[in-house]
Structures are given as structure tokens and as C-alpha cells.
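Engineer: Mind having a look at this structure? Questions to follow.
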Amino acid sequence: MAERGGLISTQELAGLLGQSDLRVFDCTTYLDYQPEGSPVPYVARPGTQSFEEGHIPGADFLDLQGEFSDQTTELRFMMPAVAQLEAAFGRHGVGNGSHVVLYSIGTAMWATRFWWMLQSLGFDASVLDGGLDKWKAEGRAIETGSAKGYPLATFTAKPKPGYFVDKREVLKASTNRSTVVVNALGPQFHKGLEPSRYGRPGRIPGSANVPAATLVDAASKTFLSPDDVAPRFTAQGITKDKRVVAYCGGGISATIDLFQLHRLGYDNITLYDGSMGEWAKDESLPIETG
């Protein structure tokens, strides 16, 4: 099956290190889950410590919840204003001619979140297949210490509409036969079988379920092939003639679903940025269990 770009292998990246236009970024965030009853589900902690303990040579670090999220809302990781992103990416040396490679530790979702954000700004970046986990498993070079950074650059966004939707659009989409709303959380949360750290347990009514965790290889952290994942989407009624609205808990793991759909050639795909972090707490919105 032919696939779109967006994925780069560890071997390919190793051959590019040192090129003047290359910009490699560790995007890792850690979630410190809070006790039941806490007003917030987790505290987001940037992965600066693990970055300093070991990163791909020359890499810089991006703090998603810090520089790259809307600070005016209680919801975590919400897409900020374009001007904020232009300034932040520019500070980290990303210009319109840069070759950006994104990776994270443990899970690809932090890298795919940045990939989706950049896509919405009209910029094509690459995600490192297997992330730092695979890089280290192969015995490749590791650098320690703080980020040296890249020279300042000017990043000019070319924003594309339709990459993010709000709760009102999702509510309309949930009853639209030409749209599939897909939940990237695990089946136990999709069915409401376990308490939700976001609020009411359950899902957006009518949602299909394609857990992000089923789209990657658990051992190697690499993305499953398009041939492997295509049937998982079509089995849930997700086809290219329909619009796809993806969500999860905080708008992060759903970008793994979106990345795989992109590789499969889907065009009409979008992210519900607020996800269950917003939906589950809003009593005016319907929720479904079972």
C-alpha cells in the first residue's frame, strides 16, 4: 500500500546529523496524575531532565505545555494563537526551509502532537519512527546536558483551516452520517467501565474506538504499517469518503490516529482539541457508556 510521508527512520536520521538545515527536537512531556477528586487530572511536566540525561546529538527541547500551548485556559495543551507559535518556533531555530524531525520518549504522541500543530501551520515535519527508545536500542550516539539550541530563525505560518474543532462542532458531527467521531482512548475508558480522570466516564455519543496504543508496536515503539492499521479503521466505519473527528483525553494521543490516517491518504481529518478534558466536565453535553 502506498503511503504518505511524515515518518523518518533512525537510520535515515543518523545519515542527516550535522546538516545545516536539520532541526531535531525532543518533545517529551510527562503527566503526573493527581489523586481522585483533584480538580485537574494531571500536572504536565516537561521532559527536560530526561533530555539532559540523554538526547540525539544536536537536538533541542520543546516544552509543549510551556511555550507551545494556550496559557489562558485551564485545559492543558490547547492550540495557542498563530503568532505565539511563530515566535516560539522561531526562537528554536525553525525557519520555513528547515528540515524538522520530532521525537519523544516512551510514546510517539508528543511528537505527533507537534507534527499535527505544524501541519496546521502549513509546515511538513517528520516524526522519528521508534523515537529515542529505538535510537538508544540500536546503540546510536547519545549526547547529554542542556540543549545548545539552534540559531534564531523567522518562522512564517501558512495556517490551514479545519485542523482543530471545538465542542460545538463535535456535537454536530456526532449526529452527522457523513462524519465519524473516533476515540483514541483504550476500550475500558471508551465504554465507561473505569472511572475517568477527566470527569464523567464514557464517550462522545456515537464514537468509534481505535485506541492509539493499537497503532504502534508496543515493544519497538515503531508505527505499525499502513497495511496493518487500515483494517482497524475500516472495521470501525472509518472510510475516506467520510470526515473523521479524532479525540482522546487531552488532544495528544489522538494525533497518533491522525498520523496513521494521514499515512493512509485520508484528507478530511481533524482533532477535537479539548477532547474529554473538556467534554466530560460539561454537563450540558451528552455522554454515552456501555
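The values are calculated or read from the model by the stated rules, or taken from the named source; none is laboratory data. Quick caveat: nothing in here was measured; it's all calculated off a predicted structure. Cβ atoms come from the backbone with ideal geometry, glycine included; neighbour counts cover every protein chain shown. Accessible surface is based on the protein model in full, side chains and every heavy atom, while ligands, DNA and RNA are left aside. Shrake-Rupley method; radii C 1.70, N 1.55, O 1.52, S 1.80 Å.
Engineer: Taking loop as defined by DSSP and a crowding limit of 14 other beta carbons within 10 Å, which GluC sites (Glu not before Pro) in the range 113-205 fit? Kindly include the intermediate steps, with their values, before the conclusion.
Structural biologist: Values: sites: GLU138, GLU143, GLU169; in loops: GLU138.
Listed in order of number, the matching sites are GLU138.
Engineer: Name the residues whose placed amide hydrogens come within less than 5 Å of the amide hydrogen of VAL182, ignoring near sequence neighbours (fewer than 5 apart) on the same chain.
Structural biologist: ALA208, VAL245, ALA246, TYR247
Engineer: Long-range amide H contacts for LEU7: which residues qualify at under 5 Å (H placed 1.01 Å from N, peptide plane, sequence gap of 5 or more or a different chain)?
Structural biologist: So LEU7 has HN proximity to VAL127.
Engineer: Shifting gears a bit: Near the amide H of VAL24, under 5 Å away, which other amide H atoms are found, from residues 5 or more places off or on another chain, if H is placed in the peptide plane?
Structural biologist: Correct list: ASP60, VAL101.
Engineer: Moving on. Percent of accessible area on the range 111-163 owned by carbon and sulfur, 1.4 Å probe?
Structural biologist: Values: 1290 of 2480 Å².
Taking all protein chains in place, the range 111-163 shows 52 percent carbon and sulfur surface.
Engineer: While we're here: I need the phi-derived Karplus couplings for the range 92-102: 6.51 cos²θ - 1.76 cosθ + 1.60, θ = phi - 60°, integer Hz, Gly and Pro marked x.
Structural biologist: 9, x, 8, x, 5, x, 6, 9, 9, 10, 10
Engineer: Taking the Cα centre of each part, how many Å lie between the range 224-284 and the range 134-180?
Structural biologist: Measuring centre to centre over Cα atoms gives 14 Å.
Engineer: Okay, next question. Whole number in Å², please: accessible area per residue of the chain, 1.4 Å probe, ligands, DNA and RNA not counted. Please report the intermediate quantities before stating the final value.
Structural biologist: On the way: 12590 Å² over 290 residues.
Here the per-residue accessible area is 43 Å².
Engineer: Relative to the present Cα-Cα distance, how much length would full extension add between THR48 and THR72 at 0.36 nm per residue of separation? Can you show the working numbers first?
Structural biologist: Working: separation 24, 0.36 × 24 = 8.64 nm, distance 2.32 nm.
Answer, rounded to one decimal: 6.3 nm.
Engineer: Still on this structure, please answer the following. Along the positive direction of the dipole of the range 1-94 (beta-carbon charges: Lys, Arg +1; Asp, Glu -1; about the Cα centre), which of LEU22, GLN65, GLY37 reaches farthest?
Structural biologist: The Cα lying farthest towards the positive end belongs to LEU22.
Engineer: May I pose another question? May I ask what percent, to the nearest 5, of DSSP beta bridges between residues of the chain are antiparallel? Intermediate results must be reported in sequence, preceding the final value.
Structural biologist: Working: 9 of 32 bridges.
Rounded to the nearest five, the antiparallel share is 30 percent.
Engineer: Then there's this: What is the pair-distance distribution P(r) of the range 49-192, computed from all Cα-Cα distances in 5 Å bins starting at 0, with each bin given as a whole percent?
Structural biologist: Over the range 49-192, the share of Cα pairs per 5 Å bin runs 2, 8, 14, 19, 19, 15, 11, 7, 4, 1, 0 percent.
Engineer: Using a 1.4 Å probe on the protein heavy atoms, what percent of the accessible area of the range 187-272 belongs to carbon and sulfur?
Structural biologist: Values: 1640 of 3170 Å².
Solvent-exposed carbon and sulfur of the range 187-272 make up 52 percent of the total.
Engineer: Sticking with this structure for a sec: Let a ≥ b ≥ c be the square roots of the eigenvalues of the Cα gyration tensor of the range 225-285; is it rounded (a/c under 1.5), or, if not, prolate (a/b larger than b/c) or oblate? Could you put the intermediate results ahead of the total?
Structural biologist: Details: a/c = 2.42, a/b = 2.05, b/c = 1.18.
Prolate, because a/c is 1.5 or more and a/b exceeds b/c.
Engineer: From the phi of every residue in the range 171-181, what ³J(HN,Hα) in whole Hz does the Karplus formula 6.51 cos²θ - 1.76 cosθ + 1.60 yield, where θ is phi - 60° and glycine or proline is x?
Structural biologist: 4, 5, 5, 5, 10, 9, 5, 8, 10, 10, 8
Engineer: Turning to a different aspect of this structure: Determine, from the Cβ-Cβ distance of GLN84 and SER178 and an R0 of 30 Å, the FRET efficiency 1/(1 + (r/R0)^6), rounded to the nearest 0.05.
Structural biologist: Working: r = 34 Å, r/R0 = 1.12.
In this case the efficiency is close to 0.35.
Engineer: If you don't mind, another one. Pop out the carbon and sulfur fraction of the accessible area of the range 6-62 as a percent, whole number, probe 1.4 Å.
Structural biologist: Values: 1320 of 2700 Å².
Ligands and nucleic acids excluded, carbon and sulfur give 49 percent.
Engineer: Tell me which trypsin sites (Lys or Arg not before Pro) from the range 97-136 have a DSSP coil assignment and no more than 11 other beta carbons within 10 Å of their own. Display every interim value, and only then the final one.
Structural biologist: Working: sites: ARG113, LYS134, LYS136; in loops: none.
Answer in residue order: no site qualifies.
Engineer: Taking R0 as 30 Å, what's the FRET efficiency between ALA137 and THR234 from their Cβ-Cβ distance, rounded to 0.05? Can you show the working numbers first?
Structural biologist: Details: r = 32 Å, r/R0 = 1.07.
Efficiency computed from Cβ-Cβ geometry: 0.40.
Engineer: Does the range 171-229 come out rounded, prolate or oblate by the C-alpha gyration tensor, with a ≥ b ≥ c the root eigenvalues, rounded set by a/c under 1.5 and, if not, prolate when a/b is larger than b/c and oblate if not?
Structural biologist: Working: a/c = 3.39, a/b = 1.35, b/c = 2.51.
Oblate shape, in that a/c is at least 1.5 and b/c is the bigger or equal ratio.
Engineer: Ok, one more. Mean shadow of the chain, computed from the convex hull of its alpha carbons, in nm²?
Structural biologist: Values: hull surface 58.9 nm².
Taking the Cα atoms of the chain, their convex hull projects to 14.7 nm² on average.
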